[in-house]
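Novice: The following block contains the structure, expressed as structure tokens.
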Amino acid sequence: MFKIENLVNRAAQKYQYHIYTTIAFIVFSHILNSFVQAIIAGFMISSVGLIHGANDLQLIQKKTQKKSKKIFHQSLLLYILVVLVGVFLFYFLPSFGLFFFIVFSAFHFGEQHLESKVETGRSSIFKWLLYISYGCALFGLLFTLQWETVHAVIGQISGQYISKQSTKLLFFAGLIGFLLVGLFSPALRKLLFFETMLLLLLGLLFARTTLIFGFGFYFVVWHSIPSVKDQLNFLYPSDSMGAWKYIKSSLPYWIMSLIGLVGVYFFFDIQSASFLPLFFSFLAAITFPHTVVMGWLKLSEQKSNGLAEQS
């Protein structure tokens, strides 16, 4: 019993600022109208949210620096190919591209949030099921509580209608899958109640705010900031100037991304009603390659650890 309480206390301490910030926005959400929420969400996503995915090439270079330049060039070409595939899918096959992005994002969000809570020796299949189910529960919760906006945005992006029953099914299937798979992890099993309470807390936020704010808040506070910390530890371990170097190396990609979004908005004379579909399509296109890179790095790390344990 003591070990369980100690584990939960450590988890609560790790996320204390995330929890406090979430509660604060829930409490004060009634004084933030939709325009103010859009401004806050736009600022968070366009700053921390974009920057957290702006060092992909540096991550690839760091991972392949002990290998030949040929390996780095191959990785770079693969990265560019992933970017082009993402653009192709969202332009020519928007329905499939949107589905692909949701699945990859569900896995990516689940991986970032749960990886440190699962034993390192677990199989890849176990982790895939765990991460995707958690991500689906998260997306299902957001989509259900913001269904009216969600189905309008998805309709404009892909021309497809998404029913509220399907978003509820996504949430309950994801939540049940997460709980069932989590029971097979002795470490995570002790945190399942705590993780469920975190989802309910996020649900309160999603219900009281707008779609763009709810997504932006989770994307930045619960995902991007922890991801930046992991990247700093990987790129600049024990470097007091690591944060500044990270921001500096991110600036070119960050500036190009902002110019691209603003340019498309004004050049194509996008109507205000079409801005949300454009914004989420743009966000999906630029974060898709980051999701692939981070997944590749995690997979490479797992293989390296496995080889080290065998030797």
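Since every read-out is calculated from the coordinates, none of them should be taken as a lab result. Fair warning: this is a prediction, and the values are worked out from it, not measured in the lab. Cβ: placed from backbone, ideal geometry, glycine included. Neighbour counts: every protein chain shown.
Novice: So how compact is the stretch 100-141: Cα radius of gyration and Dmax in angstrom?
Specialist: Answer for the stretch 100-141, Rg first and Dmax second: 9.8, 30 Å.
Novice: Follow-up. Using the Karplus curve 6.51 cos²θ - 1.76 cosθ + 1.60 with θ = phi - 60°, what ³J(HN,Hα) values do you get for each residue of the stretch 171-177, in whole Hz, with x for Gly and Pro?
Specialist: Running phi through 6.51 cos²θ - 1.76 cosθ + 1.60 with θ = phi - 60° gives 5, 5, 5, x, 5, 5, x Hz.
Novice: Past the 30 Å Cα-Cα mark, which pairs from LYS63/LYS190; LYS117/LYS168; LYS63/LYS248; LYS62/LYS127? Mind showing how you got there, number by number?
Specialist: Values: LYS63/LYS190 34 Å; LYS117/LYS168 27 Å; LYS63/LYS248 19 Å; LYS62/LYS127 25 Å.
Pairs exceeding 30 Å: LYS63/LYS190.
Novice: Among 18-30, 221-233, 100-112, how do they line up from the highest to the lowest mean number of other beta-carbon atoms within 10 Å?
Specialist: 100-112, 221-233, 18-30
Novice: If you don't mind, there's one more thing I want to ask. Can you give the local net charge around TRP147? Use residues other than it whose beta-carbon is closer than 10 angstrom to its beta-carbon, Lys and Arg +1, Asp and Glu -1.
Specialist: +1
Novice: Let me ask another. For the residues PHE92, PHE217, PHE234, what sequence is obtained by ranking on other C-beta atoms within 10 Å, fewest first? Before the final figure, lay out each step's value.
Specialist: Details: PHE92 9, PHE217 24, PHE234 15.
Exposure proxy ranking, most exposed first: PHE92, PHE234, PHE217.
Novice: Assuming R0 = 35 Å, can you tell me the calculated FRET efficiency for the pair LYS248 and TRP128, based on Cβ-Cβ distance, to the nearest 0.05?
Specialist: 0.50
Novice: With θ taken as phi - 60° and the coefficients 6.51, -1.76 and 1.60, list the Karplus ³J(HN,Hα) couplings across the stretch 221-227 in order, rounded to whole Hz; mark glycine and proline as x.
Specialist: Working through the residues one at a time gives 6, 8, 10, 5, 4, x, 5 Hz.
Novice: Give a residue-ordered list of calculated ³J(HN,Hα) values for the stretch 231-248 (Karplus: 6.51 cos²θ - 1.76 cosθ + 1.60, θ = phi - 60°; whole Hz; x for Gly, Pro).
Specialist: For the stretch 231-248, the Karplus curve yields 5, 5, 5, 7, 7, 10, x, 6, 10, 5, 9, x, 4, 5, 4, 5, 5, 4 Hz.
Novice: Which of the peptides 45-51, 147-153 is most tightly packed, and how do the rest follow, going by the mean number of other Cβ atoms within 10 Å of each residue? Don't jump to the answer; show the numbers that get you there.
Specialist: On the way: 45-51: 19.6, 147-153: 17.0.
Highest to lowest by the protection proxy: 45-51, 147-153.
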